[in-house]
Amino acid sequence: QVQLVESGGGLVQPGGSLTLSCASSENIFMFNDMGWYRQAPGGQRELVASINVGGNTNYADAVKGRFTISRDGAEKMVYLQMNTMKPEDTAMYFCYARTLRKYAWGQGTQVTVSS
């Protein structure tokens, strides 16, 4: 089973920036796609950003233009750069990896945007 470990969450003020990292125990190119989703208290799980094996990316409308997903195959890492953060971005953020047959996900990292 692949293991995914997120890091980088924390408290940031509105307008600030934060970078999340996801370390994979396996070669990231064995996955069809990887990315991030988030869930705020009482809210629905929301796919934030994804990147597929070909390098194509997709973003939720709420974060488009502010967040950037990237990867480093040699380091087996996926990142989420979050800029111009808003209180609405407050949530638990989870890294996921998908193959044709199964999903894997990390334990999550808390992001809080507050003044």
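The values are calculated or read from the model by the stated rules, or taken from the named source; none is laboratory data. Computed from a predicted structure; not experimentally measured. Cβ placement follows ideal geometry from the backbone for every residue including glycine, while neighbour counts extend to all protein chains displayed. Calculation scope for accessible area: heavy atoms of the full protein, side chains included, ligands and nucleic acids excluded. Shrake-Rupley method; radii C 1.70, N 1.55, O 1.52, S 1.80 Å.
Data overview
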{"read-out": "For segment 25-71, fraction of C-alpha pairs farther apart than 18 Å, in %", "value": "34 percent"}
{"read-out": "Linear extension gain, S17 paired with Q39, 0.36 nm per residue minus alpha-carbon span", "value": "6.0 nm"}
{"read-out": "Cα-based Kirkwood hydrodynamic radius, the chain, one decimal, Å", "value": "14.0 Å"}
{"read-out": "Relative contact order computed over the chain (Cα-Cα under 8 Å; 6+ residues apart), in percent", "value": "38 percent"}
{"read-out": "Apportionment of accessible area to carbon and sulfur, the chain, percent (1.4 Å)", "value": "47 percent"}
{"read-out": "Zone residues, segment 80-115, relative to F29, backbone N less than 18 Å from point 7 Å out along Cα-to-Cβ", "value": "98-100"}
{"read-out": "C-alpha center-to-center spacing [segment 45-90, segment 91-115] in angstrom", "value": "11 Å"}
{"read-out": "Solvent-accessible area per residue, Å², over the chain with all protein chains present [probe radius 1.4 Å]", "value": "55 Å²"}
